[in-house]
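Structure, as structure tokens:
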Amino acid sequence: MKAITLLGSTGSIGTQTLDIVAEYPEQFRIVGLTAGSNINLLAQQIRAFNPSIVAISNPDQLPELKALITDINPQPILLAGEEGIIEVARYGDSEAVVTGIVGCAGLLPTIAAIEAGKDIALANKETLIAGGPVVNPLIKKHGVKLLPADSEHSAIFQCLQGVPQAGLRRIILTASGGAFRDWPVEKLKEVTVADAITHPNWSMGKKITVDSATMMNKGLEVIEAHFLFGLDYNDIEIVIHPQSIIHSLIELQDTSVLAQLGWPDMRLPILYAMSWPERIYTNWQRLDLVKAGNLTFKEPDDQKYPCMSLAYAAGRAGGSMPAVLNAANEQAVALFLEEKIAFLDIPKVIELTCDRHQIDNRKDPTLEDIIESDRWARQEVIVASKKLHQKIAV
Ligand code: NAD
Ligand code: MG
């Protein structure tokens, strides 16, 4: 039985991870849970999975959480704040930590888990995009495994099993095309928050659903693939595949291409990250190619999705630039969700922020550099978005 700690247990990745644990109680047990603010759901999860330790983001909610679970015996250790979440990540005998936190908030807990010798089942892509230059050497130093739970990277990882180290030539990431795949470019200026948080193929948290609509998600995944699999950016491509049946492909040195297929169901990549190198028998819906029908492919449109080019440019610039891109995107999406900027402002403020960072880009950033770049970029986006609005007013 594998002992698992889960960060972000109340989110889309978190609840699906717990569905897996509930379905396979002989394979997995939960050591620690962390969550943001959904105390009621967290209390139910504590009741169902008996973790030894739990942390929430906001210390003010601790009394409320305590009150909800007074009858549980034994009581878990209850912590709060960023320090509390970090403590859960490094705590006890868990072998793997599933990172279902959204955003760069996952960085320090992930580092703590690595330093405690735990394998990482990585859903929280922002951690690797911002922290790749620091996280990758730590993974090596502590001899732990970084197992991708993002569906595309899981597909690549699955295809790579048995491929010699030098065998990989090209990665082809598939993209659904997000909420506005079939919208003409001219209509994008009318996009509302409600439009952008609806995904055609996947049900996910709000931030990643907006990232899918701008296709920044795919851009971030290009950087994630670079850090996970070590390929040059020229050898990582994006192709639109609206059916989301092929989750990504790899080309080998001899031009042979391997793909991983399945219905769009996040439980599959999460399960593989938790069970690797084993395969667990499931009763989940099996792929029926005839039912799937046509599998089609299209080149992504750079004009319609400028975030993809911004991500490639930030990845190629390297250093602290991916951290700036990531933080600028997080802040821009947050402002969009608060209806403070328009959908088409998202790439504009990110571009302005990355441009301003060029002269300060730190080539071999330390963790402190990354944290500082992240903080700077968020502030810069707020300034840039105010400037945009002033221009509009003039
Ligand atoms: P979500 O918004 O549904 O859930 C996020 C979780 O993190 C929640 O439990 C929330 O309480 C917690 N959280 C949020 N902010 C926090 C903070 N500052 N400190 C501590 N905890 C915090 O998001 P999601 O869709 O589950 O995505 C989680 C991560 O997985 C993201 O990085 C996303 O890019 C990645 N991912 C998600 C999917 C998917 O299908 N949902 C697929 C691939 C990758
Ligand atoms: Mg993905």
**Item:** Cα principal axis extents for region 93-236, largest first, Å
**Value:** 50, 34, 23
**Message:** 7 Å from Cα along Cα→Cβ at both K189 and E115: what's the point-to-point distance in nm?
**Reply:** 5.0
**Fill in**
Taking a straight Cα-to-Cα line shorter than 18 Å from K206, and setting aside same-chain aspartates and glutamates fewer than 8 residues away, one finds E126, D150, D195, E221, D265, E330, E338, E339, D345
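If packing is taken as the average count of other Cβ atoms within 10 Å, what order do 214-220, 147-153, 165-171 fall into, highest mean first? Numbers along the way, then the final one.
Values: 214-220: 27.9, 147-153: 26.0, 165-171: 15.1.
Per-residue mean Cβ counts within 10 Å order the peptides as 214-220, 147-153, 165-171.
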**Request:** Return the Cα extents of region 286-346 along principal axes one, two and three, sorted largest first, each rounded to a whole Å.
**Result:** 44, 31, 27
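Largest first, what is the accessible-area ranking of W376, W284 with a 1.4 Å probe? Show your work: numbers first, answer last.
Values: W376 55, W284 30 Å².
Descending accessible area places them as W376, W284.
Given Cβ point charges of +1 (Lys, Arg) and -1 (Asp, Glu) and nothing else, what value in debye, to the nearest 20, does the dipole of the chain about its Cα centre take? Before the final figure, lay out the partial values.
Working: 35 positive and 47 negative charges, 34 e Å.
The calculated dipole for the chain is roughly 160 debye.
Under the classification rounded if a/c is under 1.5, otherwise prolate if a/b is larger than b/c and oblate if not, where does region 53-107 fall, given a ≥ b ≥ c as square roots of the Cα gyration tensor eigenvalues? Don't skip to the end; give the middle numbers.
Values: a/c = 2.42, a/b = 1.37, b/c = 1.77.
Oblate.
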**Surface share of carbon and sulfur [accessible, 1.4 angstrom probe, percent] for region 1-135** = 50
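Using unit Cβ charges (K, R positive; D, E negative) and no other charged atoms, how large, in debye to the nearest 20, is the dipole of region 212-276 about its Cα centre?
Values: 2 positive and 8 negative charges, 64 e Å.
With only Lys, Arg, Asp and Glu charged at Cβ, the dipole is about 300 debye.
Using only the C-alpha atoms of region 1-149, find the volume of their convex hull and express it per residue in Å³. Before the final figure, lay out the partial values.
On the way: hull volume 13.8 nm³, N = 149.
That works out to 93 Å³ per residue.
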**Prompt:** If you bin every alpha carbon distance in region 323-394 into 10 Å steps from zero, what whole percent lands in each bin?
**Reply:** 22, 51, 21, 5, 0
**Asked** Largest first, how would R362, R47 line up by accessible area (1.4 Å probe)?
**Response** R47, R362
**Asked** Round to a whole number: what % of the accessible area of region 196-264 belongs to carbon and sulfur, probe 1.4 Å?
**Response** 51
**Request:** Jot down the radius of gyration and Dmax of region 238-378, Cα atoms only, both in angstrom.
**Result:** 19.5, 54
**Request:** With a 1.4 Å probe and every protein chain left in place, work out the accessible area per residue of region 268-312 in Å², rounded to a whole number.
**Result:** 66
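Percentage of Cα-Cα pair distances in region 155-278 greater than 25 Å, rounded to whole percent?
Everything past 25 Å amounts to 28 percent.
Which of the pairs K125/K387; K66/K207; K187/K348; K66/K118; K207/K348; K189/K386 have their Cα atoms more than 20 Å apart in this structure? Please report the intermediate quantities before stating the final value.
Details: K125/K387 30 Å; K66/K207 29 Å; K187/K348 17 Å; K66/K118 28 Å; K207/K348 18 Å; K189/K386 18 Å.
K125/K387; K66/K207; K66/K118, as the Cα separations exceed 20 Å there.
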**Fill in**
Heavy-atom accessible area of Y272, protein chains in place, probe 1.4 angstrom, given in Å² to nearest 10, is 10
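Can you tell me the alpha carbon radius of gyration of region 82-169 divided by the globular rule-of-thumb value 2.2 N^0.38 Å? Numbers along the way, then the final one.
Numbers: Rg = 13.2 Å, N = 88, 2.2 N^0.38 = 12.1 Å.
So region 82-169 has a normalised radius of gyration of 1.10.
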**Request:** Take the Cα coordinates of the chain, assign each an equal point scatterer, and use the Debye formula without solvent to give log10 I(q)/I(0) at q = 0.06, 0.08 Å⁻¹.
**Result:** -0.23, -0.41
**Per-selection Rg to Rh, region 215-274 - Cα, Kirkwood hydrodynamic radius** = 0.96
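Need the full-extension length gain, D232 to D265, defined as separation in residues times 0.36 nm minus the C-alpha distance. One decimal, nm.
Full extension from D232 to D265 adds 9.0 nm.
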**Message:** Restricting to DSSP H runs of at least four residues, report the calculated mean residue ellipticity at 222 nm for the chain, -39500 (n - 2.57) per run over all residues, nearest 500 deg cm²/dmol.
**Reply:** -14500 deg cm²/dmol
**L337 paired with V290, simple spin-label distance in nm, labels 7 Å along Cα-to-beta-carbon** = 4.3
**Item:** the chain - share of DSSP beta bridges that are antiparallel (%, nearest 5)
**Value:** 25
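Students sometimes get this wrong: rank R279, R29 by accessible area, probe 1.4 Å, all chains present, largest first.
Numbers: R279 150, R29 95 Å².
I get R279, R29, largest accessible area first.
The values are calculated or read from the model by the stated rules, or taken from the named source; none is laboratory data. Given the structure is predicted, the values throughout are model-derived calculations rather than measurements. Backbone-built Cβ (ideal geometry, glycine too); neighbour counts: all protein chains shown. Quick note on the areas: whole protein, heavy atoms, side chains included, nothing else; ligands and nucleic acids left out. Shrake-Rupley method; radii C 1.70, N 1.55, O 1.52, S 1.80 Å.
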